[in-house]
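Heads up: the structure comes next, in structure tokens.
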Amino acid sequence: MEKWLQYKYDKQTEKNVFFANEAIIVAIILAALHLSLVPTFVILFALLYVGLNNKISLMVSCLIGLIGVITFYFSTFFIFGAEQYFEPTNPELTVVSLLGLMVFIVIGNYYQHRRLNILGQQRQHYHNQMTRYIAFANQLSRYAPLQLWQSIMRGEAEAKIEYKRKKLTIFFSDIQGFTELSETLIPDDLAFLLNDYLSHMTEIAKQYEATVDKFMGDAILIFFGDPNSQGTEQDAKSCVEMAIAMRQQMKLLRERWKKMGYPVLHIRMGISTGYCHVGNYGASHRMAYTIVGRDVNLAARLQSAAEVDEILIADDTHQLIKNEFLCVPKVPIYLKGIQGPVKTWQVMEKFTGKKSDTQKWFDYDYKGFHLVLNLEEVQNYEYPELVEILEMMIDRIKTQQKITNAQGVPRLSLDDEIKP
């Protein structure tokens, strides 16, 4: 019966059923004893002890008590016969009852203590197993994106072949000349540089909640928008800000490596935004969480076309971030695997919040000076000529300032000014 109850119901229901059986048995015994005073109290105390040990609720105890009273009266009138209640108890029965109660309490305490020890050992065993599994999970999580691992552990995602179409911002970077460097450095030094670089870049990606897809030698593929997304626009801004932080971190690493005797290294970065398929690809026994699509290839091609320490972004990304980042247009380029010319932008820096950071129209008129500048119409290749003209104007103003006094009167020479 115990196994059937365990299979059919939970542990507490099993305790309630056994307590009800004990109450019925006690009621029958009390009816047989005709409520002899000492044995009655001994048996009721033993029943109370069992109820407390099994943590029977008050409502269930009242219900079982009612069943016990009904059983008692039924047994009294139909089995043992109605006689005077609370008959005097002879000394022998009193002694036997008290001894029985003592033995019952001792045996009950023994089994209760034994049960607590077993529960304590089981809890320690489960705690050790859980600690072991958590340690294993933490080690395995290093081979998968952090966000994906957390989703699986929370039960929000399953490890099965599936994918979905989402708009993502993709980041691709590598170290310029790393392949050639691998021919000159010994494997230990090469491994040190690579791991040092990847650990710092990955830590920055983690700070911006990016999904690190994979490492391909010195190349890093990162994307924003899955499994967690802050919206397409904010994902693009976070990606560009992460790229700027990586470029700054690379300067620090370059100086440190230089002091250690390693050659000077630079990175190139490419960013694109567009719809991709993201999910688990592979076989049921071996799969990878990654992205596929045109914009993944575009980000890789932009990285290849970028100059040293340059962040080159596609026009779709620029449209999302142009209000917060200073970008310089570049000549449209043709990329392998991409049809038609691609309009690209070079990310310079993030705006500081000053009006002049975003101002593209200047119209200044003061007496003999009139400046009208529209940066929307000025092309990137025209900037040097424009800067040269402005520098000539500044030099001429400084010269005029030197050859005139405070009243604007020309000086014959710089020494002709009479000091007061």
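The values are calculated or read from the model by the stated rules, or taken from the named source; none is laboratory data. Quick caveat, the model's predicted, so the values are computed rather than measured. Reconstructed Cβ throughout: ideal geometry from the backbone, glycine too, with neighbour counts over all protein chains shown.
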Discussion item. Yes or no: the stretch 205-212 includes at least one residue that is at pLDDT 90 or above and in contact with a Phe, Trp or Tyr (Cβ under 6 Å, 6 or more places away or on another chain).
Written reply: yes
Item to complete: Please determine, by comparing only the residues of the stretch 297-331 that are surrounded by fewer than 22 Cβ atoms within 10 Å (Cβ to Cβ) and β-branched (Val, Ile, Thr), which one is nearest to Gln346 (Cα to Cα).
Response: Val328
Item to complete: Name the residue, out of Ser182, Ser238, that is among the hydroxyl-bearing types (Ser, Thr, Tyr), surrounded by 13 or more Cβ atoms within 10 Å (Cβ to Cβ) and modelled with pLDDT under 90.
Response: Ser182
Item to complete: Please verify whether the stretch 340-348 includes one or more residues that are assigned to a loop (DSSP other than H, G, I, E, B), in the same structural domain as Ser272 (by TED's automatic domain parsing), in contact (Cβ under 8 Å) with a residue 12 or more places away in the chain and over 30 Å from the mean Cα position of the chain (by Cα).
Response: yes
Response to the item:
The condition of being among the small types (Gly, Ala, Ser), in contact (Cβ under 8 Å) with a residue 40 or more places away in the chain and surrounded by fewer than 21 Cβ atoms within 10 Å (Cβ to Cβ) holds, among Ala245, Ala191, only for Ala245
Practice prompt. Scan the stretch 309-320 and report the pairs whose first residue is among the polar types (S, T, N, Q) and whose second residue is in a helix (DSSP H, G or I), with Cβ atoms within less than 8 Å and a gap of 6+ or a chain change.
Written response: Thr317/Ala236; Thr317/Cys239; Thr317/Val240
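This table checks each residue for (1) touching a Gly at 6+ places or on another chain (Cβ under 7 Å); (2) in a helix (DSSP H, G or I); (3) within 24 Å of Tyr381 (Cβ to Cβ).
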| residue | (1), (2), (3) |
| --- | --- |
| Trp257 | no, yes, no |
| Pro263 | no, no, no |
| Arg268 | no, no, yes |
| Gly279 | no, no, no |
| Glu307 | no, no, yes |
| Val331 | no, no, yes |
Fill in: the stretch 165-208, residues that are under 20 Å from Val347 (Cβ atoms), in a loop (DSSP other than H, G, I, E, B) and in contact with a helix residue (DSSP H, G or I) (Cβ under 7 Å, 6 or more places away or on another chain)
Tyr208
Practice prompt. Read through the list (1) assigned by TED's automatic domain parsing to the domain that holds Asp174; (2) modelled with pLDDT of 85 or more, then give the number of the only condition that Gly337 fails.
Written response: (2)
Discussion item. Any residue that is modelled with pLDDT under 80, under 26 Å from Gln12 (Cβ atoms) and out of contact with any Asp or Glu (no Cβ under 7 Å at 6 or more places or on another chain) - is there at least one of those in the stretch 118-139?
Written reply: no
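Can you tell me which residue is surrounded by the fewest Cβ atoms within 10 Å (Cβ to Cβ) among those in the stretch 281-296 that are among the small types (Gly, Ala, Ser) and part of a loop (DSSP other than H, G, I, E, B)?
So the first thing to find is which residues in the stretch 281-296 are among the small types (Gly, Ala, Ser), and the list is 282-284, 288, 293.
Among the residues that remain, those that are also part of a loop (DSSP other than H, G, I, E, B) are: 284, 293.
Details: Ser284: 9, Gly293: 17.
Of everything passing the filter in the stretch 281-296, Ser284 is surrounded by the fewest Cβ atoms within 10 Å (Cβ to Cβ).
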Discussion item. What are the pairs with Cβ atoms under 8 angstrom where one residue, in the stretch 10-28, is over 18 Å from Met59 (Cα atoms) and the other, located anywhere, is surrounded by 18 or more Cβ atoms within 10 Å (Cβ to Cβ) and of a type outside the set (A, V, I, L, M, F, W, C)? Sequence gap at least six, or different chains.
Written reply: Val26/Gly68; Ala27/Gly68; Ala27/Thr71; Ala27/Ser75; Ile28/Thr71; Ile28/Ser75
